[in-house]
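Working notes, beginning with the structure itself.
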Amino acid sequence: MTETMTAGRPAPSARRRWTVLATCALALFLVGLDTTIVTVGLAEIGHGLGVEPDRLAWVVDAYTVTFASLLITAGALADRFGRRRVFRIGLVVFATASLACALAPSLGFLVAARVVQGIGASMLTPVALAIVVNAMPDPRERARAIGVWGAMFGLSMAVGPVTGGALIAVLDWRAVFWINVPVVVVALLLVRAVVPESRARRARPVDLPGQVLLVALLWIAVALLIEGPRLGWTAPVAIAGYALLIALTVTFVRVESRSRAPLIEPGLFLVPRFAGAIVGAVAVFVAFSMTLLLTTLFLQGAQGWSPAAAGAATLPMAVAATVCAPLSGYLVGRLGPRLPLLLAGGCLGLGGMLLLGLGAGMNLPLLLVAYLLIGAGVGFANAPITDTAVGGLPPERAGVAGGTASTARQLGIALGVALAGSLVADVDPGRFAAAAVPGWVIVAVCGVVLLVVAGSYRRAS
């Protein structure tokens, strides 16, 4: 007996199944796009709202931290109340918040709207993945669909800067938000037409204590990284924050270990491949977000490039992700996750090593090749990470596993943005290149982490 039930409908045809995938992938594309599309517009947002540059990391992380912390609970609610229903609510919330972002009169309003946007996004990613898994009963077809799914997220993240730069050049920074609204309208129409309702027969209860603790943990960790340079790393308030973070971490582990239905199942991390997928997801998106933010700030702040030019410079990254993502999905379906992960780790490691050359000053050919490698790394990584996190577990755990993997991705993005911001906060433009060097080391190390994860898969098999 399957754990998932569809609301009294016959099994969908192959055409309908892949239309369901396309519809869910469209929502996923929006979610990923809004993670990175604002990056090239941060300087314009700062000018438009009269905000200092060191405060702008919140525009990115207010979205990603909220998104990351609510993903698993959103998946549990969808299992209980209906995935199609929660998915549609998430689209409406996302579109409404996007409109509020576009109309924001101040940084505080924009950050608050980004929090709401993150709430909407959290109701899309794991829910849509569960819809896709439920619509694809054949394991081989499901593996191909998951490959496409993972590829779409990496692709959306990579094309965000190019899209954002183009919109700002033609219109202004507010366009990167309101452009979501018509896309959501199309997605809602498609959901109504082709997506069947489904829910779990035995829905997981919501782990409210774990959810509250996870929100507090992520927000405090990111706040310390973003505000640390301004407050002082050894200031009393920072030290109190470290102590609180440690206490909350210990409490979270104890609560989740004793819960009958934990938000994050400790037992999943005893599955080597799942644990490797989570570590790999964090590493990939720390490297990606750190590369994107540091190079964007370098080009616009230190080199005086326009948002459109900075966005256009990332085109090799978008092209590489576009080419490598479907190739990765194909390789996962034919050969398993190890080879794509090796390729991803090698590309990220080489890209980080090349970026070290920017410490001596601007070198456009070097930067473009590094972008190409980083984009290839992201493109190769997403499909094996998603397939490994979900494919090795029973279908009834797909929602929780997918939610945990998505949480790891967003956590990686939030940490990468916060770390990048802390490295260059209040740095004079003339010293920016040297200040960013530790960031490039971190990018290269993230590539090494992926290589280690890929090696562990070989031993596990």
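Give the residues of region 358-383 that are buried (at least 19 other Cβ atoms within 10 Å of the Cβ) and of a type in the set (Val, Ile, Thr), sorted by residue number. Spell out how you get there, then give the answer.
Applying the first criterion (buried (at least 19 other Cβ atoms within 10 Å of the Cβ)) to region 358-383 yields 358, 367, 370-383.
Those that are buried (at least 19 other Cβ atoms within 10 Å of the Cβ) and of a type in the set (Val, Ile, Thr): Ile374, Val378.
Restricting attention to region 233-243, which residues are in contact (Cβ under 8 Å) with a residue 12 or more places away in the chain and open to solvent by 40 Å² or more (accessible area, probe 1.4 Å)?
Step one: list which residues in region 233-243 are in contact (Cβ under 8 Å) with a residue 12 or more places away in the chain, which gives 238, 241-242.
Within region 233-243, Tyr242 is the sole residue that qualifies.
Across region 94-123, what is the number of residues that are outside any helix (DSSP H, G or I) and of a type in the set (A, V, I, L, M, F, W, C)?
Here is the first cut: in region 94-123, the residues outside any helix (DSSP H, G or I) are 103-106, 123.
Then keep just the ones that are of a type in the set (A, V, I, L, M, F, W, C); that gives 103-104, 123.
Qualifying residue count for the region: 3.
Being surrounded by fewer than 24 Cβ atoms within 10 Å (Cβ to Cβ) and of a type in the set (A, V, I, L, M) is the filter here, so list the residues in region 326-357 that pass it. First the steps, then the outcome.
So the first thing to find is which residues in region 326-357 are surrounded by fewer than 24 Cβ atoms within 10 Å (Cβ to Cβ), and the list is 326-327, 330-331, 333-336, 338-339, 342-343, 346, 349-350, 353-354, 356-357.
Result: Leu327, Leu331, Leu335, Leu339, Leu342, Leu343, Leu350, Met353, Leu354, Leu356.
Tell me the residue from Arg144, Arg230 that is open to solvent by 30 Å² or more (accessible area, probe 1.4 Å), more than 25 Å from Leu293 (Cα to Cα) and either of a type outside the set (Lys, Arg) or at pLDDT below 80 (or both), please.
On the way: Arg230 fails: more than 25 Å from Leu293 (Cα to Cα).
From the options Arg144, Arg230, the qualifying one is Arg144.
I'd like to check something: does region 87-96 contain any residue that is small (Gly, Ala, Ser), at pLDDT 85 or above and open to solvent by 10 Å² or more (accessible area, probe 1.4 Å)?
Here is the first cut: in region 87-96, the residues small (Gly, Ala, Ser) are 90, 95.
Those still in the list that are at pLDDT 85 or above too: 90, 95.
From what's left, open to solvent by 10 Å² or more (accessible area, probe 1.4 Å): 95.
For region 87-96, residues small (Gly, Ala, Ser), at pLDDT 85 or above and open to solvent by 10 Å² or more (accessible area, probe 1.4 Å): present.
Looking at region 45-69, which of its residues are closer than 30 Å to Glu197 by Cβ and surrounded by fewer than 24 Cβ atoms within 10 Å (Cβ to Cβ)? Give the steps one after another, and end with the answer.
The initial filter retains those residues of region 45-69 that are closer than 30 Å to Glu197 by Cβ, namely 63-64, 66-69.
None - no residue of region 45-69 is closer than 30 Å to Glu197 by Cβ and surrounded by fewer than 24 Cβ atoms within 10 Å (Cβ to Cβ), so the list stays empty.
Report, ordered by the first and then the second residue, all pairs with beta carbons closer than 7 Å, sequence separation of six or more or different chains, a first member in region 406-432 that is of a type outside the set (Ser, Thr, Tyr), and a second member that is outside any helix (DSSP H, G or I) and open to solvent by less than 40 Å² (accessible area, probe 1.4 Å).
Leu423/Ala436; Val424/Ala436
Taking the options Ser257, Ser289, name whichever one is surrounded by fewer than 16 Cβ atoms within 10 Å (Cβ to Cβ) and not β-branched (Val, Ile, Thr).
On the way: Ser289 fails: surrounded by fewer than 16 Cβ atoms within 10 Å (Cβ to Cβ).
Unique residue meeting the criteria: Ser257.
Which is at pLDDT 85 or above and open to solvent by less than 60 Å² (accessible area, probe 1.4 Å), of Ile246, Ile278? Lay out the reasoning, then the answer.
Details: Ile246 fails: open to solvent by less than 60 Å² (accessible area, probe 1.4 Å).
Going through Ile246, Ile278 in turn, just one is at pLDDT 85 or above and open to solvent by less than 60 Å² (accessible area, probe 1.4 Å): Ile278.
Sort through Leu335, Leu348 and tell me the only one that's out of contact with any Pro (no Cβ under 9 Å at 6 or more places or on another chain) and at pLDDT 85 or above.
Working: Leu335 fails: at pLDDT 85 or above.
Going through Leu335, Leu348 in turn, just one is out of contact with any Pro (no Cβ under 9 Å at 6 or more places or on another chain) and at pLDDT 85 or above: Leu348.
If you go through region 155-196, how many residues are open to solvent by 10 Å² or more (accessible area, probe 1.4 Å) and not in a helix (DSSP H, G or I)?
Let us first name the residues in region 155-196 that are open to solvent by 10 Å² or more (accessible area, probe 1.4 Å), namely 155, 159, 162-163, 166-174, 178-179, 181-183, 185-186, 188-190, 192-194, 196.
If we keep only those that are not in a helix (DSSP H, G or I) too, we end up with 171-174, 179, 196.
Within region 155-196, residues that are open to solvent by 10 Å² or more (accessible area, probe 1.4 Å) and not in a helix (DSSP H, G or I) number 6.
Pairs, please: C-beta under 8 Å, at least 6 apart or cross-chain, first residue modelled with pLDDT of 90 or more and in region 105-134, second surrounded by fewer than 24 Cβ atoms within 10 Å (Cβ to Cβ) and acidic (Asp, Glu)?
none
Does Val212 satisfy the criteria of being loosely packed, with under 13 Cβ neighbours inside 10 Å, among the hydrophobic types (A, V, I, L, M, F, W, C) and modelled with pLDDT of 80 or more?
Numbers: loosely packed, with under 13 Cβ neighbours inside 10 Å: no; among the hydrophobic types (A, V, I, L, M, F, W, C): yes; modelled with pLDDT of 80 or more: yes.
When the stated conditions are applied, Val212 does not pass them.
The values are calculated or read from the model by the stated rules, or taken from the named source; none is laboratory data. Since we're looking at a predicted model, the values are computed, not measured. Heads up, the Cβs are rebuilt from the backbone with ideal geometry, glycines too, and the neighbour counts pull from every protein chain shown. Surface accessibility is based on the protein's heavy atoms, side chains included, excluding ligands, DNA and RNA. Shrake-Rupley method; radii C 1.70, N 1.55, O 1.52, S 1.80 Å.
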